[in-house]
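The structure appears right after this line, and notes come after that.
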Amino acid sequence: MSYQRPDLDNYFMNIAILVSSRATCLRRRVGAVIVKGKQIVSTGYNGAPQGLPHCLDIGCAREGVPSGQKTELCRGAHAEQNAINFAARYGIAIEGATIYTTHLPCSWCSKSIVNSGIKRVVFLYDYPDPQSREIMKNIKLERLENFKPINILELLSTDYQQNKSADFTKIDPFQF
C-alpha cells in the first residue's frame, strides 16, 4: 500500500487537532490554524489568558451551564480568538486567509473572524450557536465532511523502518 498525501484541507485540519491538544478547557478542546497562501501564519487553542489560572487547575466557571449558552461566563479565550490575537500581536496580516478550526466558531469568535478579514472558515464539528452561521453568512463556511485523520505513529514507524539503524522503541519524542 502506497502512502497518499492528504489534501490541504485534511492536512491543516489535522494540525488544528494537534494544536487543540494544548487546550486547557475542561469541556471541549478546540484548535485553530490560520492559513494564508498555503502557509500557516498563526495557531490558537482555547485556554485562560496569559498569566491567569487555567480551568484545568481551578475548575470551569460555566459548570452546569448548557453548551453554547452564557458564553460570557467563560474565563478562557477561544482558539479562534487566540489565533487572531497572536497574528495581530506580531503584525501578521490575515486578511483573505482561511481559518481551520476543530469546531464551528461561536458567535463571539465569528465576529472576530469577519472583522479580521478572514474569508473562509473550515470546521470539523458543529457547535450549538445558530447565530454564528448568520454572522458568517458573507464568508465561505465549510464543514469538512470527508475528514481523514493522519496516524502520526504509523508515519513515524514507516520512516524509522526505512532507516534500519534506528530503533523506533527508543525514540525520544522531544528530539523532533
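Within region 28-50, if we keep just the residues that are touching a residue at least 60 places away in the same chain (Cβ under 8 Å) and not in a strand (DSSP E or B), the residue that is surrounded by the fewest Cβ atoms within 10 Å (Cβ to Cβ) turns out to be R28.
Restricting attention to region 97-138, the residues that are aromatic (F, W, Y) and either under 17 Å from G76 (Cβ atoms) or open to solvent by 70 Å² or more (accessible area, probe 1.4 Å) (or both) add up to 3. For the condition modelled with pLDDT of 95 or more and under 23 Å from R22 (Cβ atoms), what is the one hit in V121, V114? V121 is the lone residue from the list that is modelled with pLDDT of 95 or more and under 23 Å from R22 (Cβ atoms). So which residues in region 100-124 are free of Cβ contacts under 8 Å to residues at least 12 places away in the same chain and under 15 Å from the mean Cα position of the chain (by Cα)? If the condition is that a residue be free of Cβ contacts under 8 Å to residues at least 12 places away in the same chain and under 15 Å from the mean Cα position of the chain (by Cα), then no residue fits.
Of all residues in region 81-99, those that are over 18 Å from G37 (Cα atoms) have Cβ atoms under 6 Å from Cβ atoms of residues that are open to solvent by 20 Å² or more (accessible area, probe 1.4 Å) and modelled with pLDDT of 95 or more, 6 or more apart or on another chain, in Q81/S112. Within region 6-18, residues that are over 14 Å from H103 (Cα atoms) sit with their Cβ atoms under 7 Å from residues that are polar (S, T, N, Q), at 6+ positions apart or across chains, in these pairs: P6/N14. The set of residues in region 71-80 that are among the charged types (D, E, K, R) and not in a helix (DSSP H, G or I) contains only R75. One residue stands out among those in region 143-158 that are exposed (fewer than 12 other Cβ atoms within 10 Å of the Cβ) and farther than 15 Å from I15 by Cα: the one that is modelled with the lowest pLDDT, which is E154.
The rows are residues; the columns are (1) touching a strand residue (DSSP E or B) at 6+ places or on another chain (Cβ under 7 Å); (2) in a loop (DSSP other than H, G, I, E, B).
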site	(1), (2)
E63	no, yes
G68	no, yes
N82	yes, no
A88	no, no
E95	no, yes
I118	yes, yes
P128	no, yes
E134	no, no
E145	no, yes
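Flag: I92 does not match the condition of being at pLDDT 95 or above, open to solvent by less than 80 Å² (accessible area, probe 1.4 Å), within 21 Å of L141 (Cα to Cα) and β-branched (V, I, T). Identify, please: which residue in region 9-27 is among the hydroxyl-bearing types (S, T, Y) and assigned to a helix (DSSP H, G or I) and is, among those, most open to solvent (accessible area, probe 1.4 Å)? Only one residue fits best here, namely Y11.
The values are calculated or read from the model by the stated rules, or taken from the named source; none is laboratory data. Please read these numbers as outputs of a predicted model, since none were measured by experiment. Virtual Cβ from ideal backbone geometry, glycine too; neighbours counted across all protein chains shown. For the accessible areas, the whole protein counts, side chains as well, though only heavy atoms, and no ligand, DNA or RNA atoms are used. Shrake-Rupley method; radii C 1.70, N 1.55, O 1.52, S 1.80 Å.
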